[in-house]
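Since the structure comes first, as structure tokens, the remarks are kept for the end.
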Amino acid sequence: MEMKNVVANPMELRDAVRCEKKNISLTGGFAKMMQTLSKGQKADNHEFSEKIEMPTFMKLALDPKTINTLMTTYQVAMKEDDQGIELEYMKV
């Protein structure tokens, strides 16, 4: 069984996507920031990445190509408990 790759910021997420990790987990404040992006997974990827409001540092790390790969290659599941939110991306 492969372990989850837990990422804490946009640069780590970008690197995990580029390395094609099978299981990527986002927790804490970063997961909250990424909730908007994960909810738009069904939207037109290029158009969506242009419209979404993200802080500049996130836009620099998560370029449209990375967002497109994340949205088309991974399936996202959200878990919420007393410890907070976790977004788990699983490669399809």
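The values are calculated or read from the model by the stated rules, or taken from the named source; none is laboratory data. Note that the structure is predicted; figures quoted are calculated from it, not measured. Backbone-built Cβ (ideal geometry, glycine too); neighbour counts: all protein chains shown. For the accessible areas, the whole protein counts, side chains as well, though only heavy atoms, and no ligand, DNA or RNA atoms are used. Shrake-Rupley method; radii C 1.70, N 1.55, O 1.52, S 1.80 Å.
Looking at segment 2-18, which of its residues are farther than 12 Å from Tyr74 by Cβ and open to solvent by 10 Å² or more (accessible area, probe 1.4 Å)?
Scanning segment 2-18 gives Glu2, Met3, Lys4, Val6, Ala8, Asn9, Met11, Glu12, Arg14, Asp15, Arg18.
Go through the residues of segment 19-32 one by one and say whether even a single one is over 13 Å from the mean Cα position of the chain (by Cα), modelled with pLDDT under 85, loosely packed, with under 12 Cβ neighbours inside 10 Å and outside any helix (DSSP H, G or I).
No, segment 19-32 contains no residue that is over 13 Å from the mean Cα position of the chain (by Cα), modelled with pLDDT under 85, loosely packed, with under 12 Cβ neighbours inside 10 Å and outside any helix (DSSP H, G or I).
Could you count how many residues in segment 38-66 are out of contact with any helix residue (DSSP H, G or I) (no Cβ under 7 Å at 6 or more places or on another chain) and at pLDDT 70 or above?
9
Condition first: in contact with a Ser or Thr (Cβ under 9 Å, 6 or more places away or on another chain), assigned to a helix (DSSP H, G or I) and over 19 Å from Ala8 (Cα atoms). Now tell me which residues in segment 66-92 satisfy that.
The answer is Asn68, and nothing else.
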